[in-house]
Every structure is written in structure tokens, then in C-alpha cells.
Amino acid sequence: MEVMNPEQQPQQAQPQQPNNGQMMPPPSNNLIWGILTTIFCCLPFGIVSIVFASRVDSLWYAGYHEESVKNAKKAGTWALVAAISSVVFWILYIVFVVVLGVALSEY
């Protein structure tokens, strides 16, 4: 059995403490936006937003503040992507229906 030196062991991410020693509130996890975009907009992108949002608070209270902030930003970004993709889809759908209606009305 081979013994590893401490330098050879894999490094794990260490929890980070707040700079001033005071407990700061966690970032907004954007969970409500993920849920709303999942229900009303685009299911796949909304689910991705919910997954990232669900990690924010647990990472924050475990001391991984940077990871928590990154997940909060990703959750907001995916909720925005879901909303924008839904708007684009409905615009394309309306254009398609109008064009198809005009084309069929000429016959």
C-alpha cells in the first residue's frame, strides 16, 4: 500500500469566512423566478434555474460564499433565458400562424 505525501493529496475547496467577521445575509437565490419561468415559460430552462437556486442557501450556510453567489447568478441567468426563449417562441408561433392563415385564405 502506497502512502501519499500531503502535497500529493487532492485539494478540496475550503469554506470561506466573511471578511469582517459578521454574518452577512445570503444572496437572493432567485428560486421564485425559476419556479415562475418553469410554470409559465420554458420548462427545461426553468428547471435548470431551480436546480441552481436550490443550492444557494445550503452553500452559503456551509461557508462557501463565492460558490453560493455564483449559483445565485446562474439561477437568475437561466430564469432570464427561460423567459426570453418563451417570448421568442410565442412571437415565432404568432408569425407562423398569421403567415399560414394568409397563405390559406388565398385559396
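Criterion first (in contact with an Asp or Glu (Cβ under 8 Å, 6 or more places away or on another chain) and either hydroxyl-bearing (Ser, Thr, Tyr) or part of a helix (DSSP H, G or I) (or both)) does Ser68 satisfy it? Walk me through how you get there before you give the answer.
Values: in contact with an Asp or Glu (Cβ under 8 Å, 6 or more places away or on another chain): yes; either hydroxyl-bearing (Ser, Thr, Tyr) or part of a helix (DSSP H, G or I) (or both): yes.
Here the answer is yes, as Ser68 does meet what is asked.
Restricting to region 57-81, count the residues that are of a type outside the set (Ser, Thr, Tyr), over 10 Å from the mean Cα position of the chain (by Cα) and surrounded by 14 or more Cβ atoms within 10 Å (Cβ to Cβ). Reasoning before the result, please.
Let us first name the residues in region 57-81 that are of a type outside the set (Ser, Thr, Tyr), namely 57, 59-60, 62-63, 65-67, 69-76, 78-81.
Filter once more, keeping what is over 10 Å from the mean Cα position of the chain (by Cα): 57, 59-60, 62-63, 65-67, 69.
Among the residues that remain, those that are also surrounded by 14 or more Cβ atoms within 10 Å (Cβ to Cβ) are: 57, 59-60, 63, 65, 67, 69.
So the count comes out to 7.
Specify which of the listed residues (Val99, Val88) is at pLDDT below 95 and surrounded by fewer than 16 Cβ atoms within 10 Å (Cβ to Cβ).
Values: Val88 fails: at pLDDT below 95.
From the options Val99, Val88, the qualifying one is Val99.
Tell me which residues, restricted to region 40-55, are surrounded by fewer than 18 Cβ atoms within 10 Å (Cβ to Cβ) and modelled with pLDDT under 95. Explain how you work it out, then say what you get.
Kept after step one, since they are surrounded by fewer than 18 Cβ atoms within 10 Å (Cβ to Cβ), are these residues of region 40-55: 40, 43-44, 47, 51, 54.
Matches in region 40-55: Phe40, Leu43, Pro44.
For Ala62, all conditions in the list (1) farther than 15 Å from Asn30 by Cα; (2) at pLDDT 95 or above hold save one; what is the number of the exception?
With (1) farther than 15 Å from Asn30 by Cα; (2) at pLDDT 95 or above applied to Ala62, the lone miss is (2).
Right, Gln14: in a loop (DSSP other than H, G, I, E, B) and modelled with pLDDT under 55 or not? Full working, then the answer.
Details: in a loop (DSSP other than H, G, I, E, B): yes; modelled with pLDDT under 55: no.
The answer is no for Gln14.
The values are calculated or read from the model by the stated rules, or taken from the named source; none is laboratory data. None of the values given here were measured: they were computed from a predicted structure. Cβ sites come from the backbone with ideal geometry, for glycine too, and all protein chains shown count toward neighbours.
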